[in-house]
Each structure stands twice: as C-alpha cells, then as structure tokens.
Amino acid sequence: MPYKSPFEPALLRRGAVMGALGDVSVALHYGEPVREAGALRSGAGLVDLSWRGVLEVTGRDRARFLHGMCTNDIKKLQPGQGCMAAIVNRQGKMVAEMIAHAAENAIFLEMERSNLVASIDHLSKFLVADDVTLRVSDTAVLGLFGPRAQTLLAVKDLPDFHFTVRDGVAISRNRTLGVEGYHLIVPAGKADEADRILGHGVVPAGFEAHEALRIECGFPRWGADMDATLLPMEAGLEPLAISYSKGCYIGQEVIQRVKTYSEPPRTLAQLEVADASPGDKVTSGTEEIGVVTSATSALALALIRKEFKAPGTEATIAGKPVRVRALPWQSRLVL
C-alpha cells in the first residue's frame, strides 16, 4: 500500500492535486504552483513533506554506533543539536542522506522515506553486541518556509539542523531551499498540526513549488540528483555532511583517499538552460559530459564530469545552449 501522510486529510480538503513519488502519495500543487512558490519565498508556505520519514535509534550505544556508520560527527551532538550526514557503504557510496537530531534518549534520523527500510537493513548488518535499536518512527514531516516562518513558530534563532521541541513537535531549522525554513517532525497524534498552522494565513504549497525553490538553490534530492551510485561529494554534500576529522567509519578510507589524492569523477552542478528534462544528455561538441537530474523551465541540476564543472563552462542539451553554474546554496547559504 502507498504511504499516506497523517496530514493528508487536512491538506486534501484544500483541493490538492495529488501525485506519487515512488510509493508515496504527495500533494503536487493546490491549483497555483507559481503562487505557492511565491509564498515560500516572500511570506509563509506549508509543505507536507510526505516523501521524508524518520528512523528512531535508541540504546546506550546509539551515538557511538552511528558515529562509526556515517560521514559526520554524531558523537559531538548534544540534545537539541543536529547535523546533516550520509550513511555510506564500504565503497563510500551512499546508502542514505539524512539529518541526525540528538534527543535526550534517542537520535532521530530524518531521510527519504524510501530509504528507511534500506537503512535499517544496512545498519543492522554491523550490529554485534551493541545496545542499539532501530525502528521506523510513526511521525510525519512538515516544512514551513518563508520570511514569516520564525515568527509563526515563535522560535529563537537556531543553528541549522538544531531543533527545539514544543508540545511533542520537533522544530528543526532548515534553509536548504535558500529561504528561512523549518522542518517539523510531528507525532501521529498531532495530526491537527497542519490545520493549526494554516489557520494563521499560511499558504499550503505542494511538491512542485518546493522543487522549484530547491532547484533554484541547487540542493540535491534523493531519487533525483543523488542515489546509491554516488559518493556524497559527487552530490555536492561535502560542505554539510562530511567531517574529515572525526576518525574512522565505514567507507571513510575511500572518501578520505578521494579528498587527499584526487577529486570525484563527476559532481552536481546547476545549469542555465531553457526547458530541460531529467535524463537529458549534456554535451560538449560530440562528447557527452553529463546528464540532467532535475529541472525547472529556466534552470536544471545535472551530474557533470569533473573536467567541465567550472562555472561559466558552455555546453549544449539537444542543441540548446547551456552554461554551468556553481550550486548557489554552497556560496550564499551560511550553514
């Protein structure tokens, strides 16, 4: 059965056009995706992030175990703190990207819902005598984005991915769309949370509006711009998700060797191009140099060979001119 968010009734009553992302039911838009994107940029928009899920990790060895299984420094996290990281295999390839949130008695890993079971299966292979329990949480994830978000949530300034808990809802700062924003991890028993927020003049916004800002900001999404064939650096996650000083972890040798002696063979870049589509080939002359992974009407994200990644590089897609750009979030987003 396709996963359905606990918030679906609240949002569907407002006329969402529904679609699917894998086996997850998503609200594509509410009739005016351009207006919805405008609310995310200049006001406040609420997105049902039904394609995101949460893995709950408990047990006294949880921090030590996770520290040895992912690319960032989990052991340093204190309750209320968070960071982005990637779970990787022995070859350094990603099993999942995630945001780790440290609570008093658990660590909550927010990730693509499609990766929850795969992550449990992967991590369980390395459990021996560790006091660690892994389970899929029955929470859902909402996103509130825009200049009004902080005031509406009445939260003080938080470092990115750090969080506060109010009435059982974890509110985590998340600016990966390039605007002020927060992810809300909401227990199933708080299914009225979406209605409560929308009651303050917040615009419901769908997946299409979220995608438009994400691509403009250049931030990767699992299943589009990153998957299990990539090193985390190839997806552009290095500034956020990789610690080169944390010590050993599964896959660390490969990632450190690439950092020290070479560079990834390909990397995610933003392209200035009209009307590209995922799967389009990026070419230089007769040579294929990359492939489009996500696109809007004027911008695209693509995995580009390292020789052509420099900003300003010119290329083509089906005869249309293309200019390579750096990922905007890496330069303008202070994380």
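Read-outs: derived from the displayed coordinates by stated rules, not from any lab. What you see is a predicted model; the values in this text were computed from it and never measured. Neighbour counts run over all protein chains shown; Cβ positions are idealised from the backbone, glycine included.
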* **Listed residue (Ala191, Pro33, Gln150) projecting farthest to the positive dipole end of the stretch 1-262, Cβ model** => Gln150
* Using only helices, what value at 222 nm comes out for the chain when you add -39,500 (n - 2.57) per DSSP H run of length 4 or more and divide by the total residues, to the nearest 500 deg cm²/dmol? -> -5500 deg cm²/dmol
* Hey, could you pull the Cα Rg and Dmax for the stretch 265-332, both in Å? -> 10.5, 34
* Hydrodynamic radius of the stretch 116-209 per Kirkwood, over alpha carbon pairs, in Å -> 15.2
* Structure fact -> About its Cα centre, the stretch 1-262 carries a charge dipole, from +1 on Lys and Arg Cβ atoms and -1 on Asp and Glu Cβ atoms, whose size in debye to the nearest 20 is 420
* To do: Any chance you could list the semi-axes, whole Å, largest first, of the equivalent ellipsoid that the Cα gyration tensor gives for the stretch 1-116, using √(5λ)?
  => 32, 16, 14
* Asked: Looking at Thr133, Ala205, Thr283, which one has the Cα that reaches farthest to the positive end of the dipole of the chain (charges on Cβ: Lys, Arg +1; Asp, Glu -1)?
  -> Thr133
* Residue by residue, what Karplus-based ³J(HN,Hα) values in Hz, rounded to whole numbers, does the stretch 56-72 have, using 6.51, -1.76 and 1.60 with θ = phi - 60° and x for Gly and Pro? -> 9, 10, 10, x, 5, 9, 4, 5, 4, 5, 5, 4, x, 10, 9, 8, 10
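Full extension from Arg323 to Lys75: what is 0.36 nm times the residue separation minus their Cα-Cα distance, to one decimal in nm?
Here the segment from Arg323 to Lys75 would lengthen by 85.2 nm.
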* Two-decimal Rg to Rh for the stretch 1-262 - Kirkwood Rh, Cα set -> 0.96
* Asked: For Thr316 and Glu263, FRET efficiency with R0 = 25 Å and r from the beta-carbon atoms, rounded to 0.05?
  -> 0.55
* Considering amide H positions built from the backbone, and no H for Pro or chain starts, which residues 5 or more places from Ala205, or on another chain, come under 5 Å of its amide H? -> Leu46, Val47, Asp48
* Asked: GNM on the chain, C-alpha springs below 10 Å: top fluctuator among Glu287, Glu180, Glu263?
  -> Glu287
* Asked: Toward the positive end of the charge dipole of the stretch 265-332, about the Cα centre and with charges on Cβ (Lys, Arg +1; Asp, Glu -1), which of Ser331, Ala269, Ala300 goes farthest?
  -> Ser331
* **Hz values of 3J(HN,Hα) by residue in the stretch 266-273 - Karplus curve (6.51, -1.76, 1.60), Gly and Pro given as x** => 8, 8, 6, 9, 9, 10, 7, 6
* Asked: Pairs Lys76/Lys306; Lys93/Lys281; Lys125/Lys309; Lys93/Lys306; Lys190/Lys246: which exceed 26 Å Cα-Cα?
  -> Lys76/Lys306; Lys125/Lys309; Lys190/Lys246
* Estimated vicinal HN-Hα couplings, Hz - the stretch 243-260 in sequence order (Karplus 6.51, -1.76, 1.60; Gly, Pro = x) -> 9, 9, 10, 7, x, 6, 7, 4, x, 4, 4, 5, 5, 5, 5, 5, 5, 7
* To do: Amide H neighbours of Met226 under 5 Å, at least 5 residues apart or on other chains, H built in the peptide plane: list them.
  => Arg221
* Structure fact -> Candidates Glu234, Glu110, Glu32; GNM for the chain (alpha-carbon contacts under 10 Å) flags as most fluctuating Glu32
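Using just the alpha carbons, could you tell me how many Å³ per residue the convex hull of the stretch 67-133 encloses?
89
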* To do: Rounding to the nearest 20 debye, state how big the charge dipole of the stretch 35-80 is about its Cα centre with +1 on each Lys and Arg Cβ and -1 on each Asp and Glu Cβ.
  => 180
* To do: Figure the gain on full extension for Thr133 and Thr229 (residue separation times 0.36 nm, minus the Cα-Cα span) and round it to one decimal in nm.
  => 31.8 nm
